[in-house]
Amino acid sequence: MKSLPLTFLALTGLALVASPVQGETDIQLAPISTITTGIFDGSAAEIVAHDATTQRLFVTNVANGTVDVFDISDPANPQSLAPIDVTPYGDHANSVAAYRGVVAVAIEAFVKTDAGTVVFFDAATGNYVNQVTVGALPDMLTFTPNGRAVLVANEGEPNDDYTIDPEGSVSVIDMTDGPGGLTQDDVRTADFTAFNDTMLDPSVRIFGPNATVAQDLEPEYIAVSDDSKHAWVTLQENNAIGLLDVPSATFVRIVGLGFKDHSLPGNGIDASDKDDAINIANWPVFGMYQPDGIASFTVGGNTFLIMANEGDARDYDAFAEEVRVKDLVLDPDAFPNAAELQADEALGRLNVTSANGDIDNDGDYDQLYAFGGRSFSIRDTKGNLVFDSADAFEQITAAALPDFFNSNNDDNNSFDSRSDNKGPEPEGVAVGTIGRRTFGFIGLERIGGIMAFELTNPAAPRFVQYINNRDFSGDPVLGTAGDLGPEGIIFVKASQSPNGRPLVIVANEVSGSTTIYQIDPASL
């Protein structure tokens, strides 16, 4: 696998763009409007959905207990409408989806280990229509492309003392009779109990205290095939994906995603937040891909999956896996230079898992496993790796924003502060077709910004643009720092856009802002 070439780069303001190859015309994103809540670090803009029927945006606002609603008939001038109050139905909204005038909202129970709810509203009026009960901690949800089902990822996280650990699952809600005709009988649960006694790929992490496989697997995000028959579900903490047969509401396979070798050329990482420098280098560390966002796309009749390899650690009162390399006992044969590696300016500060790496169970660590791949990957429908962006994200952001490399998302004076912990932290991903070409858009949760790549050749994606709508001279708390912490990201194709231009819309969790990017019409 090749590392991504970073040739033909030109810096324009805060947007690092790849100069077009001769004979090609590149797309270019440009922000045309930003909706602000004025709420800092309160998850006031986390997940965004677009309904083409009403040309409205729906944005989850945990801080206010609402789903905020905006008319984007003129996307350069969004108009705020009456929000949807979700407090009668549970603790807060974790996700929202829209389809042909129907809005579905995933709502967490007041006790997160209890069963959650999906509530349906009319997109035009915001009025309540119906609700059904689903699994514990419902998060991402999506309509199938044909609109005949809603799929809900029920994470099933344990409580802090790990005395209650619900099973993870995906609820398949049959929408044949429309939201008004729903009953609880229309909800089927795809769980993982069939895998409790199955030998899984060794890269699938089953490690929660006393957890069965069904309890330990935690669905995070869902992508659905164009024919609405198949879905792929990221199991982030477990470093795996689940293959779901939608008609039967059955998981047919659990696929381990393997590990990324950061000692190989092109797979470097900046591992220290205490060296006061950009130092993307190779280290004897494996990265657990641990994707969050996932989307599917089709090229030449073949379906592919794109995943944002964010990484995530379990951190509970009764069990916490995250530890710094300098606090581990390293096997002297595997790491004869342990003292040198464990220095703060080397690997000492890097956060790794204590749940993997002691291969012979003798109390010291023979291998090191860091959280996330700091990349995006493309895989086939069976989970086989087709492409990984290697260290491109850190290389690109280092070139574009050297003074703010691996910054955190809540502090503008935080150069290099995330190098020890997942780096730029790619989280959300969306795909879209413009003309005959397919593009992927990946949000970087920490330093911020959106990466755009052409995916028309899935085995060799081409970097197109990095744009960051963040103002590093501003004050995050006062709301003058622009977009912070991109979380939810969607693509709106031209035929469904209010102005006939493709849009990328991003909800930013830390700044509580939602920005609409237009694909530059001059580039189409």
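The values are calculated or read from the model by the stated rules, or taken from the named source; none is laboratory data. Worth saying up front: this structure is predicted, and the values here are computed from it rather than measured. Neighbour counts run over all protein chains shown; Cβ positions are idealised from the backbone, glycine included.
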Query raised in the report: Residue check: is ARG253 charged (D, E, K, R) and surrounded by fewer than 23 Cβ atoms within 10 Å (Cβ to Cβ)?
Result: yes
Query raised in the report: Which of (1) in a strand (DSSP E or B); (2) surrounded by fewer than 24 Cβ atoms within 10 Å (Cβ to Cβ); (3) among the small types (Gly, Ala, Ser) is the odd one out, the single condition ALA460 does not satisfy?
Result: (1)
Report task. Say whether the condition of being among the acidic types (Asp, Glu), under 15 Å from ASN239 (Cβ atoms) and surrounded by 15 or more Cβ atoms within 10 Å (Cβ to Cβ) is met by at least one residue in segment 378-394. Result -> yes
Query raised in the report: Can you tell me how many residues in segment 410-426 are within 20 Å of the chain's Cα centre (by Cα), of a type outside the set (Ser, Thr, Tyr) and assigned to a loop (DSSP other than H, G, I, E, B)?
Result: 8
Report summary line: Of VAL172, VAL118, VAL132, the only residue that is over 26 Å from PRO291 (Cβ atoms), surrounded by 17 or more Cβ atoms within 10 Å (Cβ to Cβ) and of a type in the set (A, V, I, L, M, F, W, C) is VAL132
Query raised in the report: Does SER80 satisfy the criteria of being assigned to a strand (DSSP E or B) and either more than 22 Å from SER495 (Cβ to Cβ) or polar (S, T, N, Q) (or both)?
Result: yes
Report task. Mind listing whichever residues of segment 37-49 are over 20 Å from PHE491 (Cα atoms) and in contact with a strand residue (DSSP E or B) (Cβ under 7 Å, 6 or more places away or on another chain)? Result -> THR37, ALA44
Report task. Give just the number: which of (1) surrounded by 15 or more Cβ atoms within 10 Å (Cβ to Cβ); (2) of a type outside the set (A, V, I, L, M); (3) over 24 Å from ASP366 (Cα atoms) does PHE319 not satisfy? Result -> (3)
Query raised in the report: Which one is surrounded by the fewest Cβ atoms within 10 Å (Cβ to Cβ) among residues in segment 479-495 that are over 19 Å from ALA30 (Cβ atoms) and in contact (Cβ under 8 Å) with a residue 24 or more places away in the chain?
Result: GLY479
Query - Scope segment 35-51; condition over 21 Å from the mean Cα position of the chain (by Cα) and of a type in the set (Val, Ile, Thr); matching residues - result: ILE35, THR36, THR37, ILE39
Report summary line: Of (1) within 27 Å of ALA392 (Cα to Cα); (2) crowded, with 19+ Cβ neighbours inside 10 Å, PHE335 satisfies every one except (1)
Requested in this report: Spot the failing condition for VAL431; the list is (1) without any contact (Cβ under 8 Å) to a residue 60 or more places away in the chain; (2) closer than 23 Å to VAL96 by Cα; (3) not in a helix (DSSP H, G or I), and only one is missed.
Outcome: (1)
**Report entry** Filter result for ASN361 (modelled with pLDDT of 95 or more, over 20 Å from the mean Cα position of the chain (by Cα), buried (at least 20 other Cβ atoms within 10 Å of the Cβ) and over 29 Å from PHE463 (Cβ atoms))
**Finding:** no
Query - Spans of strands (runs of 3 or more DSSP E) in segment 357-409 with at least 1 residues among the small types (Gly, Ala, Ser) - result: 369-371, 375-380
Query raised in the report: Could you list, in sequence order, the residues of segment 67-98 that are of a type in the set (Ser, Thr, Tyr) and surrounded by 22 or more Cβ atoms within 10 Å (Cβ to Cβ)?
Result: SER95
Report task. Could you check how many residues of segment 230-285 are within 30 Å of PRO336 (Cα to Cα), more than 20 Å from the chain's Cα centre (by Cα) and of a type in the set (D, E, K, R)? Result -> 6
